[in-house]
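Heads up, the thing below is written out as structure tokens.
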Amino acid sequence: MTTRAEIRRLLAQGRHALSVGRVKEVMPLIQAQPALAAFVVELIFEQDLGISQRAADVLERVSHKPSPALYRVLARSKDALVGLLPEAQPKKVRWNLALTLGRLPLTVAEARRAAEVLQSWLDDPSSIVKTAALQCVADLTRHDSSLLPMALDLLRIHSRSGTPAMRARCRILLQKLERRQSSEAP
């Protein structure tokens, strides 16, 4: 049985704050004991930047294809994660948080609140943060279709600027959302 102390110890290990450290070792522990995901959420608020950034990395990775039990734990943590959005400063926390939130079952109000903050992240100097914010805004349209026009506008703007990877992601998301918009049109 994995303990909270063991998870914290593993996430504390790394050469520097941005290193992956032992994230890949923590992932199967969280998948085996989904209740520990709530503790990983707590660790995102940790003052130690290495721990907080690696905790965000773990959450993003396990949110890809979570088991039903893990998904329920992540869903119960959504209030804390949405609440962290305006305060999140480290870029690794920002991009992982954006990617994770896009996969959670948010209410319309939560989706709108998240979209508002994510728009401000489009001024971030990090292209990874900007790309993750755009991905999340696109994902949030599943929860609130009124966000679709704003998401399309942002994707069109950013498909012409930024890094090649950012432009490519925007084009992919645009195609997907434009197809959805045309299929939903009366």
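The values are calculated or read from the model by the stated rules, or taken from the named source; none is laboratory data. Small disclaimer: the values here were computed from a predicted structure and weren't measured. Note that we place each Cβ from the backbone using ideal geometry, even for glycine, and neighbour counts take in every protein chain shown.
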ARG103 vs (1) of a type in the set (Lys, Arg); (2) within 13 Å of the chain's Cα centre (by Cα); (3) in a loop (DSSP other than H, G, I, E, B); (4) over 26 Å from GLN33 (Cβ atoms): all pass except (4)
All conditions in (1) surrounded by 15 or more Cβ atoms within 10 Å (Cβ to Cβ); (2) outside the structural domain of LEU155 (by TED's automatic domain parsing) are true of LEU134 except (2)
In the set ALA12, ALA5, the lone residue that is farther than 25 Å from SER126 by Cα and among the small types (Gly, Ala, Ser) is ALA5
Just wondering, is there one or more residues in the stretch 41-55 that are surrounded by fewer than 20 Cβ atoms within 10 Å (Cβ to Cβ), part of a helix (DSSP H, G or I), outside the structural domain of CYS136 (by TED's automatic domain parsing) and of a type in the set (A, V, I, L, M, F, W, C)? yes
Log entry, pairs with first residue in the stretch 145-165 being assigned by TED's automatic domain parsing to the domain that holds ARG180 and among the charged types (D, E, K, R), second being surrounded by fewer than 18 Cβ atoms within 10 Å (Cβ to Cβ) and not in a loop (DSSP other than H, G, I, E, B), beta carbons closer than 8 Å, six or more apart or on different chains, reads ARG160/ARG167
For LEU101, the lone unmet condition from (1) closer than 19 Å to ALA5 by Cβ; (2) in contact (Cβ under 8 Å) with a residue 12 or more places away in the chain is (1)
Inside the stretch 155-170, the number of residues satisfying the requirement of being touching a helix residue (DSSP H, G or I) at 6+ places or on another chain (Cβ under 6 Å) and of a type outside the set (S, T, N, Q) is 6
The residue that is modelled with the highest pLDDT, considering only those in the stretch 159-180 that are crowded, with 18+ Cβ neighbours inside 10 Å and farther than 21 Å from ARG103 by Cβ, is SER159
Just one listed residue, out of SER126, SER120, SER145, is surrounded by fewer than 20 Cβ atoms within 10 Å (Cβ to Cβ) and either under 20 Å from ALA168 (Cβ atoms) or basic (Lys, Arg) (or both), and it is SER126
ask   = Is it the case that GLY14 is in the same structural domain as ALA88 (by TED's automatic domain parsing), out of contact with any Pro (no Cβ under 8 Å at 6 or more places or on another chain), under 22 Å from LYS91 (Cβ atoms) and not in a helix (DSSP H, G or I)?
value = yes
